[in-house]
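A quick write-up on the structure given underneath.
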Amino acid sequence: MDEPLLTVSDLSVTYGPRDAVRAVTEVSLEVHAGETVGLVGESGCGKSTLARALLGLERSSGEIRLRGEVLTSRRTQEQARGMAIVFQDPYASLNPRMSVRAVLSELLRVHRLRPRDQIDARVRELVNVVGLPQRTLEVRPAALSGGQRQRVAIARALALEPAVLIADEPTTALDVSVQAVILELFAKLSAELGLATVLITHNLGVVAAVCDRVAVMYLGRIIEQAPTEQLFGGPLHPYTRRLLEAVPRLEGDRHARLEALPGDPPDPSMIPSGCAFHPRCALATANCARERPLLTVDGLPLVGVSSEAGAHSVACHLAGYQERT
Ligand SMILES: Nc1ncnc2c1ncn2[C@@H]1O[C@H](COP(=O)(O)OP(=O)(O)O)[C@@H](O)[C@H]1O
Ligand code: SF4
Ligand SMILES: [Mg+2]
């Protein structure tokens, strides 16, 4: 396989005095050109923190490489443009006084992405790529629907010509009927433009439909990662199983959402010993409270980053034995 566009190794982010809040811990992830990786997990598990760390907006330890090049916290303008993000709420990120044409033109001008005489053509191309009619250009954000506004936000992200596109719950603020359409657009753009896309979403139905690979987070760590079909067809981690059980008729349901699970919500300032999931896990043994399970592939410790050759990695002492329990 080609070298990944994005390689994350052992990325950790902590907050507060004495690093008391461990929001993201030792996350490793690879995303290749044209690939869409879904990132799922309950609210508070560290998804947005991870996204911000990738963009260089959080102080983090570990390593982030873009096209093989190590990124430090001081990124050059070109490195910074290499990753773009689309947020949940397109209202908050679009200037209400500017037409769509003005928003996109200004961006291209400020970043010197096109010579002056080519800006107009590029703006028209961008709205076309995200599936908006040309007349949208003359309109201000308030006159657009939520879905259209999110398309403008995507066009703005694409204007930067990023290698990596990160979408942090980009459809949470939208009507259920347009959520799937927008998420599908991310996957389509990723494949067509050869982007490495990280899609953070609660919408498990769409994850199943559009993501190539899925990483499941629990209390800051990736605890299972696999090609989408393998993850949905044979989840190995008890937490992943619970998430999927909480979505009864996932198949064919493009609106299936990830609901909060019963039990105390996990708190990253008080991460349980051993396997962090053990207080909520029906299969937990005494050993689970003592020893943290490492990520393994086919029962063997995972070496390096976890996406190689469609590997299915999981961090659970009992993964693989569960069919018998
Ligand atoms: N600036 C911050 N200071 C302290 N704690 C934070 C900060 N940002 C996020 N956290 C905590 O880190 C954890 C992960 O948050 P977040 O990444 O937003 O989760 P998610 O996006 O998965 O819902 C949460 O417990 C949150 O309260
Ligand atoms: S390691 Fe133990 S507590 Fe953790 S998920 Fe596996 S069985 Fe449950
Ligand atoms: Mg979030």
(request) Calculate the dipole size of the chain relative to its Cα centre from +1 charges on Lys and Arg beta carbons and -1 charges on Asp and Glu beta carbons; express the result in debye to the nearest 20. (result) 1080 debye
(message) Which one, Val24, Gly146, Pro279, is farthest towards the positive end of the dipole of the chain when Lys and Arg carry +1 and Asp and Glu -1 on their Cβ?
(response) Gly146
(request) Calculate, for Ala92 and Arg241, the FRET efficiency according to 1/(1 + (r/R0)^6) with r their C-beta to C-beta distance and R0 41 Å; round to the nearest 0.05. (result) 0.70
(message) So, R0 is 22 Å and r is the distance between the beta-carbons of Asp298 and Glu3; what FRET efficiency does that work out to, to 0.05?
(response) 0.35
(message) I want to check the label-to-label distance for Arg140 and Asp117. Put each point 7 Å from Cα in the C-beta direction and report it in nm to one decimal.
(response) 3.4 nm
(message) Give me the dipole magnitude in Debye, nearest 20, for the stretch 40-135 about the Cα centre, with unit charges on the beta carbon: positive for Lys and Arg, negative for Asp and Glu.
(response) 320 debye
(message) Under a crude label model (7 Å from the Cα following the beta-carbon direction), how far is Arg18 from Arg65 in nanometres?
(response) 3.7 nm
(message) Among 234-246, 156-168, how do they line up by average Cβ neighbours within 10 Å per residue, starting with the highest?
(response) 156-168, 234-246
(request) Give me the distance in nm between label points sitting 7 Å out from Cα along the Cα-to-Cβ direction at Ala191 and Val178, one decimal. (result) 2.3 nm
(message) Let me check I have the definition right: for the chain, take the eigenvalues of the Cα gyration tensor, multiply each by 5, take square roots. What are those semi-axes in whole Å, largest first?
(response) 36, 21, 18
(message) Could you order the peptides 70-78, 273-281 from most to least packed, using the average number of other C-beta atoms within 10 Å per residue?
(response) 273-281, 70-78
(request) Please list 214-225, 98-109 highest first by mean number of surrounding beta-carbon atoms within 10 Å per residue. (result) 214-225, 98-109
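Any idea what the dipole of the stretch 93-160 comes to, in debye rounded to 20, about its Cα centre with Lys/Arg Cβ at +1 and Asp/Glu Cβ at -1?
Value, rounded to 20: 100 debye.
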(message) Limiting things to C-alpha atoms, what are the Rg and the maximum Cα-Cα separation (Dmax) for the stretch 93-160, in angstroms?
(response) 10.7, 31
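Values in this text are rule-based calculations from the coordinates and carry no lab data. No experiment lies behind these values; they were computed from the predicted model shown. Backbone-built Cβ (ideal geometry, glycine too); neighbour counts: all protein chains shown.
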